[in-house]
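The values are calculated or read from the model by the stated rules, or taken from the named source; none is laboratory data. The model shown is predicted, which means the values in this text are computed figures rather than measured ones. Every residue, glycine as well, gets a Cβ built from its backbone with ideal geometry; the counts of neighbours run over all protein chains shown. Side chains are part of the model used for accessible areas, which takes the heavy atoms of the whole protein and leaves out ligands, DNA and RNA. Shrake-Rupley method; radii C 1.70, N 1.55, O 1.52, S 1.80 Å.
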Amino acid sequence: MSKAESTRKSVPGTIAMSEQEWRSKLTPDQYYMTRRHGTERAFSHPYHAEKRAGMYRCVGCGAPLFSSETKYDSGTGWPSFYAPASEVAVSEYEDRSFFMRRTEVRCAKCDSHLGHVFPDGPEPTGARYCINGVALQLDSSAKGDKNSV
Ligand SMILES: [Zn+2]
């Protein structure tokens, strides 16, 4: 059993944990990003330039979120993908904070804040999922193959 597997719940649906449970499960950085809707500094996380193949999993619950197959270099300094790993991997919410209208992206399973999605990405979707590296954990054993999700 891999490390990622051991934190995965076998039951479908969402995971509800108290703030205290999240605090003890996550590092302070991870907690701030995923539960307090933080945004890491551009180019601060090595995943923005990560080239290894694999599945980027949720740091909160281990759910597969983004495949390396859809990762591209957006030049923004954040890990960027043009599509989530599956249609049910992430949920999207309108975010009107900071006087901007953006679409927030969260893990569909545990509601961790991941980043935002913008409509200026490459083909075939035209979407740019701009994700905090801290919210992700690359599982390079999964090879990014959607069939291994
Ligand atoms: Zn999650």
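In the chain, what percent of the accessible surface is made up of carbon and sulfur (1.4 Å probe, ligands and nucleic acids excluded)?
On the way: 4250 of 8290 Å².
The value for the chain is 51 percent carbon and sulfur by accessible area.
Could you put Ile15, Ile131 in order of accessible surface area, largest first, with the 1.4 Å probe and the full protein assembly present? List each step's numbers first, then the result.
Values: Ile15 30, Ile131 0 Å².
The ranking, largest first, comes out as Ile15, Ile131.
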(request) Hey, can you grab everything whose amide H is under 5 Å from the amide H of Met17? Only 5+ residues off in sequence or another chain; H modelled, so Pro and N-termini drop out. (result) none
(request) Multiply the residue gap between Met100 and Ser24 by 0.36 nm, knock off their C-alpha separation, and tell me the result in nm, one decimal place. (result) 24.1 nm
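Using a 1.4 Å probe, what is the accessible area per residue for the chain, in Å²?
Numbers: 8290 Å² over 149 residues.
Per residue, the chain has an accessible area of 56 Å².
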(message) Return the unpartnered cysteines for the chain, using a Cβ-Cβ cut-off of under 4.7 Å.
(response) Cys130
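Rounded to the nearest 500 deg cm²/dmol, what is the calculated helix-only ellipticity per residue at 222 nm for the chain, with -39500 (n - 2.57) per DSSP H run of length n ≥ 4?
Numbers: 3 runs with 19 residues, N = 149.
After summing the helix terms and dividing by residue count, I get -3000 deg cm²/dmol.
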